[in-house]
1. Could you report the buried accessible area between A and B, both sides summed, computed with a 1.4 Å probe and given in Å² to the nearest 100?
2. Provide Rg over Rh for the range B:72-154; use the alpha carbon set for both Rg and the Kirkwood Rh (inverse mean inverse pair distance).
3. Hey, can you find the accessible area per residue of the range B:39-245 for me, probe 1.4 Å, expressed in square angstrom?
4. Given A:LYS45/A:LYS66; A:LYS144/A:LYS189; A:LYS364/A:LYS414; A:LYS11/A:LYS155, which pairs have Cα atoms separated by over 27 Å?
5. Just to be sure I understand: of the beta bridges DSSP finds with both ends in chain A, what percent are antiparallel, rounded to 5?
6. So what are the ³J(HN,Hα) numbers for the range B:248-254, from phi and the Karplus equation (6.51, -1.76, 1.60; θ = phi - 60°), rounded to whole Hz, Gly and Pro as x?
7. Tell me which lysines have Cα within less than 19 Å of A:LYS491's Cα, excluding those fewer than 8 residues away on the same chain?
8. About its Cα centre, what dipole magnitude does the protein assembly as shown give when the only charges are +1 on Lys and Arg Cβ and -1 on Asp and Glu Cβ, stated in debye to the nearest 20?
Amino acid sequence: MSDHLGLEVKKVSKSYGTAKVLNEVSFEVRPGEVVALLGENGAGKSTISSIIAGSVNHDSGTMTWKGQDYNPSSPGNAIQKGIGLIHQETRLLKELSVAENVFVGRMITKNGIVDFNKMNSLASEQLKRLGLEISPKQLVKNLKMSAQQQIEIAKALTLNSELLILDEPTSSLGESETNFLFDKIRQLKKEGVSFIYISHRLEEIEQIADKIIVLRDGNLVSSYDNANIAINKIVHDMVGRDVDRIFPTIENESTTETLRVENLNSIDGSFENINFSVNKGEIFGIAGLVGAGRTELVRAICGADMITSGKIFVDNNEINISSPQDAIKNGIVMVPEDRKSLGLLLEQSNSQNISIANFDVFLKSGWVSPEKIKNFSKKGIELMGVKGSVDQNANELSGGNQQKLLISKWISRKPKVLIFDEPTRGIDVGARHSIYQVMKQLSESGISIIVVSSDLEEVVGLSHRMLILSRGVQKNILTNSDNISRVEIMKQATN
Amino acid sequence: MENIINFTKRVFRGTQGTFLGLIVLTIFFSLASPYFFSARNFINILDQVTVLGIMALGMTAVIIIGGIDLSVGSILALSMMVTGWVWDAFGVPLHYACLIGIFIGSIAGLINGLLVSYLKLPAFIATLAMLSAARGLANIFTDGKQIYGFPEWLTNLSVVRHFGFIPVTMLVFIFLTILCWFLLKYRKEGRNLYAIGGNPEVARLSGINVKGTTVVVYTISGFLSGIAGILLTARLNTCVPQAGFTYELDVIAAVVIGGASLNGGVGGIAGTIVGVFIIGVLRNGLNLLGFSPFVQGVVIGAVIVFAVALDTFKKKER
């Protein structure tokens, strides 16, 4: 027993088979505190948060919560005691209303009949507490991603949660939405709610965290009592070596145009009248806030969505793109935003993933032999340095290697234009760097690259030129030089 | 010999569990019944599973792309009745009538495919509608009556044994099996089916014509049900509008026992054939032991649960 009012984790260990994923990890979270939990993928962050949230049992060690022994038997039990986990991908029931989502599993009833009025009013109370102007009767599927996340938080609050674990809460949020979330966190802190905050975006830790703890290979490698720690130092702790967030210098002097789009208009108004061109070997960035139409624009160029008007030229020849097939045939390919649902066949082998888009490249007759597939895929995997074998399933790879697998799928067919939508989302720092190096090599080999990213620093760091989008309207095309400031770009993008 | 073993291994790769199950069943019935283990009875079993097996080939492709085809039994009856009807009522020569029957079966499959990929109906609903409509049509042509008295050559397809043991119906089944196995394993179109079943959007963004392929797959399923209808006519020497009633259940069971996943992306012809034979051996063996068809139904239900549970369990182990 202790008189500690928050959460205390003492020497908690956990193994899966012979693999030790947590080794005597100890830390504490005091009421009203935001503790940033950092580490690379596989460092043990999600294991420790699952243990605290009751979905995984630990092997040894103890936890206390508000001075009592804490040993949650299930997530439900943890929630009852006031500890909730909010996942990276929201787990809401999209066809149900906001209020129903908030009260799912514990619907309020009156004489055995669900009392919608009461649920709506209670839900709306919590939404107001978060400063959200959302009707509790609205269906979740009609809400924006950021709003959906707030619903999860509102749900946790109606459960009287006093400790919330946020797993990558900002990975799908833009800058203003992130700030909004931070405001809410600060406000809840004042009410005594504490947070464990997991994120890959080290830049935002300083803004929100009170303490930092860093995990590496299941060990707690460092803990800091404040958040004013240089990012390099944190990265060093995470990776175990120095990795700078330095973008490779990529030379490009080509003036040969590869891709040009003229007056491109989307079918649903998400972008209008877009004009730009990309030269051979150039890296072309597309910057803008979430919802500015960036993803929609590149999806249209690679044939995933239809356009209503506009022309697309490759090597100065106008081409007609009405399906991804057309785009691929003309050498335009895309590594999509969401690897898992748009890029990979997760339950299938790496060789199937690489070969599926390339039968026309390595088969003359359309007859496939396992050997041909294997050889072709092996080359692709080696080309990108994917850590994995051709027979492994794609879901057994780490995020960074999955991304490399996707890239090797496309460069195996020697494309002219390679589009990256959010190339480093959810990828840890070490692997990010190698993705940047890959882009450099591709650019030097003459492939034109289009990069879309919510991470403004990434767009600025990589691109030769960049297009600024604001609510679907093309604001400017900037040529990269040292004097472009992030502030200036933000100003244009929010205009 | 070693070559044969290697080849067998390659064909049945990934189906070891069910293959083992088939062997265990065979041994069990061989011990339990003196009539089971004989060349003659094995030919019998092959004969009994011909119709089921041909439909299961198409169903395998449908299930691999993540779909389902509930209408195979009804399409079988439709093809059968169209064949008999145009022969009986219009005097169309029987071999042309058979082609017309198979053609109509393919059209029914085509409609399934169009409903699924262009009207975006869930496959379950689209083919449930076809199950009802095709069965209705099968009855309309002859007002529910049977047609019989076909020329001898039709019956001979299932009776006359070539090379001393094998009738044409079985040859057709064997030929189609090998053809489908090759197409699925060694054609790029076959490999594409697994991508579509794995994740249709990933497949589309990889340049695969998902809609077109879906239509073709359902059409093939209808086409094969049509052929099965003709072969069943040959076996029964009669056209019955009630033919093939609830066959879809056995067909889906065979494919699922063979290791295909209703989530799509997993499955294969070799597994399906093993599944078909497990059902065939069970029915035949239980018959020989004197169990009623009702008991057979219960046993097959248990086998489905057992096979799929084992599969799920194996996946968890990994």
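1. 2000
2. On the way: Rg = 13.9 Å, Rh = 13.3 Å.
With Rg and the Kirkwood Rh in hand, the quotient comes to 1.05.
3. Per residue, the range B:39-245 has an accessible area of 40 Å².
4. A:LYS11/A:LYS155
5. Antiparallel bridges: around 55 percent, rounded to the nearest 5.
6. Taking θ as phi minus 60°, the curve returns 3, 5, 5, 5, 5, 4, 4 Hz for the range B:248-254.
7. Of all the lysines, those that pass the test against A:LYS491 - Cα under 19 Å, at least 8 places apart if same chain - are A:LYS475.
8. Working: 76 positive and 72 negative charges, 310 e Å.
Magnitude of the dipole: close to 1500 debye.
The values are calculated or read from the model by the stated rules, or taken from the named source; none is laboratory data. Everything numeric in this text was worked out from a predicted model, so none of it was measured. FYI the Cβ positions are ideal-geometry reconstructions off the backbone, even for glycines, and counts take in every protein chain you see. Ligands, DNA and RNA are stripped out before the accessible areas are found, and what is left, the full protein with its side chains, is counted by its heavy atoms. Shrake-Rupley method; radii C 1.70, N 1.55, O 1.52, S 1.80 Å.
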